[in-house]
Amino acid sequence: MIRLKSLLLEQYRPEMENTRDTRFKSDGEIKAEKKAELEKAKRDLKRLEAKRKKLEQEKAEAKRLEKVRLEKEIQKNKELEAQKKKDKQNLEKEIETERENQRDIWSKEDELKKKKEDELKKKKEDELKKKKEDELKKKKEDELKKKKPGYPPDEDLPTAGLDDNWFGPISATGNGYELRGTDCYGGGHYHARRSGGTRKHAGLDIKSKAGDPVFSPMDCKIKRVYRIYQPGYKQDKCKYLIGVLLEGTGEYLGYVFRIFYVKLASGYKVGQQIKKGDAFAIMQDLENPCYPPCSNGSRMTNHIHWEYYKDKYVKKKDINPVPLIGMKKPN
């Protein structure tokens, strides 16, 4: 037992010698410890202060960097907006330039088109003028051919040639009684069906040409001149067409004719006495605007409508005028 105690003392003696009892410290030791703690606290405070300053500096730097970044971003956005605006202005300028160029092209095209139209119009006018001159020349030649020898040469209008037929020619076309026949508007013979068969053609259609002279078939008086179609018919397109009522005199007493699509020639008036062969009227134009081309492109044949009545005109009391064509003077 003694030996064990001895061994234990030998083993733990150094540690016991180094262990000091802190319960009994001197004032110097306590003061030194407090000073050491105070120094440590100051060092810790300095470290914390340094760390705080560093954090504030880092925060300020981060704030500065963020501000710089935002300023750069704003500047970049401004530059982008300015570039967009500039691009837009350039694009608008290019578009306007293109429009100006296109307008110039259109203007040149319009000028060229107008020039061509003017040239075509002038060409048509020249052709029409030449055609009218040719027609007038031919008309004068025909009129001179149809003038009866012995008539005063200073007559304003020509007269139809007189032969042994009781009734003289009405038209300057053909033999003066060339029939119209049938065209896209129907037939021109006597009692041809009209309005889908609800009425009959009261007269006979004799071929003629617009502007040609119309001759009196007998000695007669111009009894009446009137419009054939009342206003409103065919949208007033036909209201220009004229009819003339002729009543025979002398040897032709009792013969009454209605002649349509003619207008009195210069120097003739209602109530005037005219002779067989006098060119008392002028053929009107039926083709335009009253009877425009049909859907197949064909046209109404220009003609004189001729009706015959006995003693006086009575509606629906018309007589077939065909037997009068080529009729010889009655005994």
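The values are calculated or read from the model by the stated rules, or taken from the named source; none is laboratory data. Since the model is a prediction, treat every value here as computed from it, not as a measurement. Glycine also receives a Cβ, built like all others from the backbone with ideal geometry; neighbour counts cover every protein chain displayed. When the accessible area is computed, the model is the full protein with side chains, heavy atoms only, and any ligands, DNA or RNA have been set aside. Shrake-Rupley method; radii C 1.70, N 1.55, O 1.52, S 1.80 Å.
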Pairing a residue in the range 174-198 that is under 20 Å from Gly297 (Cβ atoms) with any residue that is open to solvent by 50 Å² or more (accessible area, probe 1.4 Å) and modelled with pLDDT of 90 or more, where Cβ atoms lie under 6 Å and the two sit 6 or more apart in sequence or on different chains, gives Arg180/Lys207
Worksheet item: Quick check: anything in the range 270-278 among the acidic types (Asp, Glu) and over 37 Å from the mean Cα position of the chain (by Cα)?
Response: yes
Every listed condition ((1) at pLDDT 90 or above; (2) buried (at least 17 other Cβ atoms within 10 Å of the Cβ); (3) of a type in the set (S, T, N, Q)) holds for Thr249 save (2)
Note on the range 258-280: residues within 27 Å of Cys184 (Cα to Cα) and either part of a loop (DSSP other than H, G, I, E, B) or out of contact with any Gly (no Cβ under 8 Å at 6 or more places or on another chain) (or both) are Tyr261, Lys263
Asn331 passes all but one of the listed conditions (1) modelled with pLDDT of 85 or more; (2) more than 38 Å from the chain's Cα centre (by Cα); the exception is number (1)
Report yes if Gly211 is among the small types (Gly, Ala, Ser) and open to solvent by 50 Å² or more (accessible area, probe 1.4 Å), otherwise no.
no
*Does the range 132-146 contain any residue that is outside any helix (DSSP H, G or I), at pLDDT below 85 and open to solvent by 90 Å² or more (accessible area, probe 1.4 Å)?*
no
